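Structure, as structure tokens:
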Amino acid sequence: MNKHKDNAVPFIVKKTISGIKPFVIMLFIALLLAWVPIVFASIAVLDFELNDLTLQENLRDSQYSKNAPNAPELARTATLAPLLRSTLSSQYDLIVKPVPSSLHAKADQGFGYLFSHPQAAAQLGKTVDAEWVVVSRLHKPSFLFAYLITHVVHVPTGKQLPEIIVEIKGQQQTLNQRGINALAKKIFNVVQQR
């Protein structure tokens with residue numbers, strides 16, 4: 001019995017440990033709660049639209065036809081959404097919800113419709129069970145530069161957050177990735193603030 005008493009933890013140490021336990025537990029819970037909403041935020045990233053103002057006016061109506069005069073630019077634009085999805089998922093741990101092309105086509109009533117109608121974008125987001133919908137456009141006023149213009153829509157409220165604009169200069173793929181990285185960071189910051 002005497003042996004057990006000698007090895008016992010002093011009263012001061014017991015009191016200190018019991019006082020720290022609730023603090024450590026509350027700190028752990030606070031960190032977990034701060035981390036969970038961002039990690040589990042789900043986002044649907046729609047394909048980018050191309051608004052190519054470098055085309056002659058009489059060719060603009062045919063830019064989405066089978067024999068589009070700006071086919072290389074359409075192909076370049078088609079690479080942007082997959083880059084953005086990948087960046088948001090890998091660098092910011094957002095859950096990217098896939099949007100089947102049939103659902104996207106059904107919700108989109110023409111060029112710029114979802115871009116201009118956040119409520120319609122929110123409905124599409126509900127269909128794929130996303131918390132956020134990203135609707136973007138590659139606006140190309142010149143051969144020297146273009147803009148990634150993005151609307152982020154909060155699906156539960158149908159509210160569009162302030163427009164995000166990123167400038168891309170040049171036409172190389174590395175510039176696209178740099179522009180997408182800047183856009184992903186801005187999207188993440190906007191989602192995190194909400």
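The values are calculated or read from the model by the stated rules, or taken from the named source; none is laboratory data. This one's a predicted model, so the numbers in the text were calculated from it and none came from an experiment. Please note: Cβ atoms are built from the backbone with ideal geometry, for glycine as well, and neighbour counts cover all protein chains shown. Areas reflect the complete protein model, heavy atoms only, side chains present, ligands, DNA and RNA absent. Shrake-Rupley method; radii C 1.70, N 1.55, O 1.52, S 1.80 Å.
Run the accessible area of the range 95-186 with a 1.4 Å probe and give the carbon-and-sulfur part as a rounded percent. Carbon plus sulfur share of accessible area: 56 percent.
Net length available on complete extension from K159 to S142 is 3.0 nm, with 0.36 nm assigned per residue and the Cα-Cα distance removed. What separates the Cα centres of the range 128-193 and the range 66-126 is a distance of 11 Å.
Within 10 Å, count the other beta carbons around each residue, average over each peptide in 84-97, 106-119, 123-136, and list them highest first. Display every interim value, and only then the final one.
Values: 84-97: 18.3, 106-119: 15.7, 123-136: 21.5.
For the peptides 84-97, 106-119, 123-136, the packing ranking is 123-136, 84-97, 106-119.
Rounded to the nearest whole Hz, the Karplus-based 3J(HN,Hα) values (6.51 cos²θ - 1.76 cosθ + 1.60, θ = phi - 60°) of the range 106-120 follow the sequence 5, 6, 8, 9, x, 4, x, 5, 5, 5, 9, 10, x, 5, 5, with x at glycine and proline. Averaged over its residues, the range 105-194 has an accessible area of 51 Å² per residue, based on protein heavy atoms and a 1.4 Å probe.
With 0.36 nm allotted per residue and the present C-alpha distance subtracted, the S86-S101 stretch has 3.6 nm of extension available. Ranked by the mean number of other Cβ atoms within 10 Å of their residues, highest first, the peptides 72-79, 41-48 come out as 41-48, 72-79.
Spin-label model, E167/V128: points 7 Å from Cα along the beta carbon direction are separated by 3.1 nm.
Extension gain, Q177 to M26: 0.36 nm times the residue separation minus the Cα-Cα distance gives 50.3 nm.
Are any of the pairs K126/K169; K126/K186; K159/K185; K97/K140; K97/K159; K140/K186 more than 26 Å apart by Cα-Cα distance, and if so, which?
The pairs that break the limit, which is 26 Å between Cα atoms, are K126/K169; K97/K140.
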